[in-house]
Amino acid sequence: MTQETSAHATSASEHLSPAEQGYDFSQQVGHLLRKAYQRHTAIFQRHSYDKQLTAIQFVTLCTVMERGASSLTEIVNATAIDPATIRGVIKRLKAREWITLTTDPGDQRKVMVVITEAGETLVENMVPIAKQISDQTMSNLNPAERIALLHLLEKMNADQLSAD
């Protein structure tokens, strides 16, 4: 029997558990970020101006309102929302008549997303609420901790983008 085969033949009782290896998933950055994001999403849904509006839809509307007519690629790059998800988001925003789709005059194959007047009104009404949602998400943090958290998250994301 080779070493590799004998290693696979060991019983389950011989394997070290995560805790025995000094790993506590509940203290890992990914787990803590996911819990914080879930908390933020719940707060967003509870306080949203429109109960069917999601945080991802709101970010998409803000992006198109700020940038003007935008391609799906431009929205993906600006929001870090994956292409498959953004297509579903665009479909739902269009169904709610918060955006329209048109073609790029320079390239008829390129679909452009344009915010409607109703979409702009929604964003304008939602921004003050979104600020309150962010404040409530960070309600357990003092002002210095809030600044530090935002700085660290920006730093983590900047590093991640350059590593890709």
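Bridgeable lysines around K110 (alpha carbons under 20 Å apart, same-chain partners fewer than 8 residues away excluded): K91, K94. From its DSSP helices (H runs of at least four residues, each -39,500 (n - 2.57)), the chain gives a residue-normalised ellipticity at 222 nm of -20000 deg cm²/dmol. Label zone of K51 (point 7 Å out along Cα→Cβ, amide N under 18 Å): in segment 119-135 this covers 126. Among (i) 6; (ii) 20; (iii) 37, which is the computed percent of Cα pairs over 30 Å apart? Working out percent of Cα pairs over 30 Å apart from the coordinates points to (iii). Taking L153, L72, L122 in turn, the Gaussian network model of the chain (Cα-Cα springs below 10 Å) assigns the largest fluctuation to L153. Of A80, A69, A144, the residue with the greatest mean-square motion in the GNM of the chain, using alpha carbon springs below 10 Å, is A144. Potential lengthening of the chain between S26 and A148 amounts to 41.8 nm, from the contour at 0.36 nm per residue minus the alpha-carbon distance. Return the lysines within reach of K131: Cα separation strictly under 24 angstrom, same-chain partners fewer than 8 residues apart disregarded; answer none if there are no such residues. Cross-link targets: K35, K51, K155.
Please find, in a Gaussian network model of the chain (springs between Cα atoms separated by less than 10 Å), the residue of S26, S17, S71 whose mean-square fluctuation is greatest. Residue with maximal mean-square fluctuation among S26, S17, S71: S17.
Modelled label positions at R87 and E66, each set 7 Å beyond Cα in the direction of Cβ, lie 2.6 nm from each other.
Projecting label points 7 angstrom from Cα along Cα→Cβ for H15 and Q136 puts them 4.2 nm apart.
Readers should treat all values here as calculations from the given coordinates under stated rules, not as data from a laboratory. None of the values given here were measured: they were computed from a predicted structure. Methodologically, a virtual Cβ is constructed for each residue, glycine included, from the backbone with ideal geometry; neighbour enumeration extends over all protein chains shown.
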